[in-house]
Amino acid sequence: MLRGADVDLTRGEVVGLVGENGSGKSTLMKILVGSLTRDGGTIERTGSLGYCPQEPILYQRLTCDEHFELFGEAYGLDAADIDRSRDEVYDVLGFGRWAGARVEELSGGTRAKLNLGLALLPDPEILLLDEPYAGFDWDTYQRFWEITATRRDQGHSLLIISHFITDEDRFDRIYDLRDGRTVPR
Ligand SMILES: Nc1ncnc2c1ncn2[C@@H]1O[C@H](COP(=O)(O)OP(=O)(O)OP(=O)(O)O)[C@@H](O)[C@H]1O
Ligand SMILES: [Mg+2]
C-alpha cells in the first residue's frame, strides 16, 4: 500500500525510483500515468507523457514496423515524423533488422527494446520508464544511458524505476520506496 509517496520531477532531470520487489513502484508509476485510479492524493503535470510499462504491451501478430505505425498514429504524429523517429530508435537500440519481424518471433530483450522504443517515439517531455533495461545486454544498457542523457539535455524529464541501481551517478536524484513512502536518498 502506498501512503505518503511523493515524487517530483522537474525539467532536465533523471530521477530514480528504487525499492524491493512488491514495494509498489509499478503501482505508483501506473497512478502517475493515470492507468490506475488512486484512492487519494494529487497529481500535477505539464507536458507530454511517454510510458514504458514493466510488462510489454505488444501485439503478437504485428511486426515492429507495424507497432511504430500504430502507436505513431495514436500519438497523432504524421507519417514522416513516425519514420524519422522510428529509424532513430532502431538505430540507437540496434534492432532495425527485426523491423519486419512479428513480436511472436522476437527474443525477450528485443521485445523490451520495442516496448521502450514505443515510449520514445513521440519524443515526450516526460518519460516514465518501469525497469526499462532489465532485459538488455551490456551494449544496449550503455545505449540506454546515452538516450537518457540526450533527452535530459533537451530539457526533458525522466523517472526510471529499477529494483537495484548500479550506476547511481547516472541519476540526478533517487527515491527509495519503503513502507509505501518515498524517501529521498
Ligand atoms: N490496484 C491495486 N490495489 C491494491 N493492491 C495492488 C494494486 N495493484 C498492485 N497491488 C499490489 O501492490 C504490491 C506492489 O506491486 P508493484 O507491482 O507495484 O510492485 P513493484 O515494486 O513494481 O515490484 P517489482 O520490483 O516486482 O516490479 C503488490 O503486492 C500488488 O499485488
Ligand atoms: Mg514493478
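Where in the range 1-120 are there helices (runs of 4 or more DSSP H), lying fully within it, with 2 or more residues that are within 17 Å of the chain's Cα centre (by Cα) and within 16 Å of ligand 1 (Cβ to nearest atom)?
Filter on the range 1-120 gives 25-33, 108-120.
Can you tell me which residue in the range 171-185 is farthest from ligand 2 (Cβ to nearest atom), limited to those that are under 15 Å from V14 (Cβ atoms), outside any loop (DSSP other than H, G, I, E, B) and touching a Gly at 6+ places or on another chain (Cβ under 8 Å)?
R173
Conditions (1) more than 16 Å from ligand 2 (Cβ to nearest atom); (2) out of contact with any Lys or Arg (no Cβ under 6 Å at 6 or more places or on another chain); (3) at pLDDT 95 or above, marked per residue:
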{"position": "V103", "(1), (2), (3)": "yes, yes, yes"}
{"position": "T110", "(1), (2), (3)": "yes, yes, yes"}
{"position": "K113", "(1), (2), (3)": "yes, yes, yes"}
{"position": "L116", "(1), (2), (3)": "no, yes, yes"}
{"position": "F136", "(1), (2), (3)": "yes, yes, no"}
{"position": "Y141", "(1), (2), (3)": "yes, yes, no"}
{"position": "R152", "(1), (2), (3)": "yes, yes, yes"}
{"position": "L159", "(1), (2), (3)": "no, yes, yes"}
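Is at least one residue of the range 53-67 within 24 Å of L159 (Cβ to Cβ), open to solvent by less than 20 Å² (accessible area, probe 1.4 Å), modelled with pLDDT of 95 or more and out of contact with any strand residue (DSSP E or B) (no Cβ under 6 Å at 6 or more places or on another chain)?
Yes: the range 53-67 contains one or more residues that are within 24 Å of L159 (Cβ to Cβ), open to solvent by less than 20 Å² (accessible area, probe 1.4 Å), modelled with pLDDT of 95 or more and out of contact with any strand residue (DSSP E or B) (no Cβ under 6 Å at 6 or more places or on another chain).
Count, please, the residues in the range 68-115 that happen to be on the phi > 0 side of the Ramachandran plot and either among the hydrophobic types (A, V, I, L, M, F, W, C) or surrounded by 14 or more Cβ atoms within 10 Å (Cβ to Cβ) (or both).
Adding up the residues that qualify gives 1.
Which numbered condition in (1) assigned to a helix (DSSP H, G or I); (2) open to solvent by 20 Å² or more (accessible area, probe 1.4 Å) is the only one that A134 fails?
(1)
The values are calculated or read from the model by the stated rules, or taken from the named source; none is laboratory data. This one's a predicted model, so the numbers in the text were calculated from it and none came from an experiment. Don't worry about glycine lacking a Cβ; one is built from the backbone with ideal geometry, like all the others, and counts go over all protein chains shown. Note: accessible area is taken over every heavy atom of the protein model, side chains too, but ligands, DNA and RNA are not part of it. Shrake-Rupley method; radii C 1.70, N 1.55, O 1.52, S 1.80 Å.
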